[in-house]
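Every number here is computed from the coordinates shown, using simple stated rules; none is lab data. None of these values were measured; they are calculated from a predicted model. Methodologically, a virtual Cβ is constructed for each residue, glycine included, from the backbone with ideal geometry; neighbour enumeration extends over all protein chains shown.
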């Protein structure tokens, strides 16, 4: 739909997305790591987590968070302010993400919606570049009815517009399986866009073409922190460099 999602459908949509995520576990990996992989611990959350106890997450070791802001051009996370500001206020480096619906509107249109509803960036040392969550379709065909070239064009439209609006290249969240199926394992984004790979396994596995390493790894759907469990592939100081786009 190109019209806004009705509020009455939002909870159902969140539940459906969670179910699809579980159904996709075969491609994400079926043997979760027994302990967090090496790296700086963090998390990502959406409306499914509601009001998050950020002080507890910080005390348990989380140092960064990605927070869902938008989906398509008709949905905003009703808990966004509590989650986005709350993570910042306890000291985390945090960013926001957009769940892509490439069959609803253009990449540029959705990038604008994202920036206008929480997806912006500031050089304050605690704000990560916005992330494009591009993955399995919870509402229909896996690749949203697009050809591989069409999907590549859609992603290009999104990341270019996001860059035009913010001066930052968006992080790309995906799985290797989806990326291979729906983009033809395209390597053209690796030069600019940090990779946030999703794989629930004891190893990160093969990465999408072009990326020799990952920036973030979502390694489990539950654990110590609310929401999904992530690691940053580096130190706190290096994460600040990403947040600042250089020194700040």
Condition first: surrounded by fewer than 23 Cβ atoms within 10 Å (Cβ to Cβ) and in a helix (DSSP H, G or I). Now tell me which residues in segment 60-84 satisfy that. 80, 81, 82, 84
Residues (farther than 17 Å from residue 95 by Cα and touching a residue at least 40 places away in the same chain (Cβ under 8 Å)) located in segment 159-172: 160, 161
Give the number of residues within segment 130-167 that are in contact with a helix residue (DSSP H, G or I) (Cβ under 7 Å, 6 or more places away or on another chain) and closer than 23 Å to residue 240 by Cα. 5
Among the candidates 191, 209, which residue alone is closer than 20 Å to residue 245 by Cα and either more than 18 Å from the chain's Cα centre (by Cα) or assigned to a loop (DSSP other than H, G, I, E, B) (or both)? 191
So, of the residues in segment 85-101 that are under 21 Å from residue 248 (Cα atoms) and under 14 Å from the mean Cα position of the chain (by Cα), which turns out to be surrounded by the most Cβ atoms within 10 Å (Cβ to Cβ)? 95
Looking at segment 213-228, I want the residues that are at positive phi and without any contact (Cβ under 8 Å) to a residue 60 or more places away in the chain and have a partner that is assigned to a loop (DSSP other than H, G, I, E, B) and surrounded by fewer than 20 Cβ atoms within 10 Å (Cβ to Cβ) with Cβ atoms under 6 Å, at least 6 apart or on another chain. Which pairs are those? none
Criterion first (closer than 28 Å to residue 122 by Cα, in contact with a helix residue (DSSP H, G or I) (Cβ under 6 Å, 6 or more places away or on another chain) and free of Cβ contacts under 8 Å to residues at least 60 places away in the same chain) does residue 238 satisfy it? no
